[in-house]
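Here's the structure we're looking at; comments come further down.
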């Protein structure tokens, strides 16, 4: 398949407007299940662009530092279920409210 043939595909819009990006396009663009996609509309054309994230992405250095500082907390929290974490938060809130009511 030459470059011109690979550049365009016709796909059908599914229920609720969902479409499937052809596998060869996903491979070429490095799109996987975790890839965020930017969708833009310009003069009647829809453009879908993979959003690159990670350490090389621009952003706030202090926010990255804060995120990295909480790595041990995230690691520890991964050992607990969502219900256990919710129960711990509820208990902490109750304790603070009880202490503040005095």
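The values are calculated or read from the model by the stated rules, or taken from the named source; none is laboratory data. Model, not experiment: these values are computed from the prediction. A quick note on method: Cβ atoms are made from the backbone with ideal geometry, for glycine too, and the neighbour counts reach across all protein chains shown.
Name, by its number, the condition in (1) farther than 17 Å from residue 7 by Cβ; (2) more than 19 Å from the chain's Cα centre (by Cα); (3) at pLDDT 90 or above that does not hold for residue 61.
Going through (1) farther than 17 Å from residue 7 by Cβ; (2) more than 19 Å from the chain's Cα centre (by Cα); (3) at pLDDT 90 or above one by one, residue 61 breaks only (3).
With the condition kept exactly as written, say whether any residue in the stretch 39-50 is in contact with a helix residue (DSSP H, G or I) (Cβ under 6 Å, 6 or more places away or on another chain) and modelled with pLDDT of 90 or more. Let's see the steps before the verdict.
First pass over the stretch 39-50, keeping only residues in contact with a helix residue (DSSP H, G or I) (Cβ under 6 Å, 6 or more places away or on another chain): 50.
From what's left, modelled with pLDDT of 90 or more: 50.
Yes, the conditions are met somewhere in the stretch 39-50.
Of all residues in the stretch 75-101, how many are in contact with a helix residue (DSSP H, G or I) (Cβ under 9 Å, 6 or more places away or on another chain) and either loosely packed, with under 10 Cβ neighbours inside 10 Å or in a helix (DSSP H, G or I) (or both)? Can you show your working first?
Pass one, the stretch 75-101, residues in contact with a helix residue (DSSP H, G or I) (Cβ under 9 Å, 6 or more places away or on another chain): 77, 80, 85.
Narrowing the set further to residues that are either loosely packed, with under 10 Cβ neighbours inside 10 Å or in a helix (DSSP H, G or I) (or both) leaves 77, 85.
Residues that pass the stated criteria total 2.
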